[in-house]
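A short write-up of the structure that comes next.
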Amino acid sequence: MRSLGPSALLERDQPEITAVTGDIVDTTPSVDSTTFMLIALFVLGYGLVSKRLERTIVTPPMVFVVLGLVFGSGSLATLSMHIDQGVIHVLAELTLVLVLFGDAARIDLRTLRTELGLPVRLLGVGMPLTIMLGALVAKLVFPQVTWLEAAALGAILAPTDAALGQAVVSTPSVPLRIRQALNVESGLNDGIALPVVLIFAALASMGGGEARTASEWIWFAALQVTLGPLAGFAVAWVGGRLINGSESRGWMNSSFARLAGIALALLAFTGAQQIGGNGFIAAFVAGMTLGNSQRGQCEYLYQFLEAEGQLLVLLVFLLLGVSLAWPAIAQGNGRIWLYAALSLTVIRMVPVAISMLGSGLRAPSVVFLGWFGPRGLASLLFAILILEEAALPHGALVFDVVILTVLASVFAHGMSAAPAAAWYGQMAGDATHCPEEHKTVVEQPLRI
């Protein structure tokens, strides 16, 4: 019986080992040395001008997507990164685990409880409405898809990625309460959306060649969303106390403290899968548990994610340009591009406007919050790791829609972030005219 999602990824065929004159030959597809060399040059080259580019509309994801597009096809096609390669699956899995873990760990729920207003509106009202409206529009634009496939698509494209519009959440002139709302929403909505994505994808797979009955799918989904959180909580609770005890006795240095947080994320992921739960949900819950029970340990985690972790993220965007974008563009038609445009505008902005009714925010603030809901890393990784394993009747169409929506968002939100932040910061700079926007909140760490 085939498993959906991360469990299936660990059950893929192992590398074929062939004995040839006494030697062991690994025939698993791999990334060649030229690709590694180019990646190193790309990272070094961008690093040399990264500070200067911070003052422009150019963002790191844009650069790496363009590099992938240029060097992934045509006469300059020298990069070899395909999702059927085992190393790419490992990259995608590891990146999603760390992003879910790190995003959850950086949100301090204890300080957030006193200022829940805007984040709760965005997550509790705006996000469910976004999923429902996304499903409704998907069914109207693509009549051939089932309602469950439409719901899965709506859920995959519901999470936002504030890092794609970094200037919006890091520009001091933008009121902190507005920046904080987008930051907290982005930190929590990927983990909240994940169980919904898994359930809809699993249910939509019925009739797609799977032998499972409805009751078997329901039982499978129930295990995924219950055992995963339990494993994540247990690993982070015990591991966090072990790390804290070791540090208090002076047994652990700062370098291994950084690695220990990453180890907990991976332990939560693999531990959940060992007992039949979902590893990604476990990583999210583990991050939330560690971040709110052992807050001091997370400083090392942030340091890792701002350097080594960022490399993984940029490699995923490079993969988008090299292997995923051109096929999706080739398959793209008017309906797919229409849905991508609606996903970034109406499907996001209308639910946000509804969620802000009675908040006291001025109309420009509501529009600002609505527009800056970039679709990025979470949606892309959900597509790579979940849609590929789900036997959706129209899985290829759903996959192309996600890829093109993320591709459009990388450029639309990346290029508009700095100018829009400057405009809005100037417009909302006077606290006497925008009192709700300037209410005091505690600043949470950002994902770079």
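Please treat every number below as a calculation from the coordinates, not as lab data. These numbers come from a predicted model, not from an experiment. Note that each Cβ is placed from the backbone with ideal geometry, even for glycine, and that neighbours are counted across all protein chains shown.
Please work out how much length the chain gains when fully extended from Val350 to Ser173, using 0.36 nm per residue of separation minus the C-alpha to C-alpha distance, in nm with one decimal.
61.2 nm
Kirkwood hydrodynamic radius for segment 333-448: how many Å is it when counted over pairs of different Cα atoms?
One decimal place: 16.3 Å for the Kirkwood radius.
So how much slack lies between Leu41 and Asn253, counting 0.36 nm per residue of separation and subtracting their Cα-Cα distance, in nm?
Gain on stretching Leu41 to Asn253: 73.1 nm.
By count of other Cβ within 10 Å, fewest leading, how are Leu129, Leu311, Leu98 ordered?
Ranking Leu129, Leu311, Leu98 by Cβ neighbours within 10 Å, fewest first, gives Leu311, Leu129, Leu98.
If the only charges are +1 at each Lys and Arg Cβ and -1 at each Asp and Glu Cβ, what is the size of the charge dipole of segment 58-427 around the Cα centre, to the nearest 20 debye?
The dipole magnitude comes to about 880 debye.
Rg and Dmax of segment 58-427, Cα atoms, in Å?
According to the Cα coordinates of segment 58-427, Rg and Dmax are 20.1, 63 Å.
Using the alpha-carbon centroid of each, what span in Å lies between segment 113-185 and segment 382-429?
Result: 11 Å between the Cα centres.
What is the fewest-to-most order of Lys139, Lys439 by other Cβ atoms lying within 10 Å of their Cβ?
Values: Lys139 18, Lys439 15.
So the ranking, lowest neighbour count to highest, is Lys439, Lys139.
Arrange Leu314, Leu369, Leu259 by Cβ neighbour counts within 10 Å, fewest through most, would you?
In increasing order of surrounding Cβ atoms, one gets Leu259, Leu314, Leu369.
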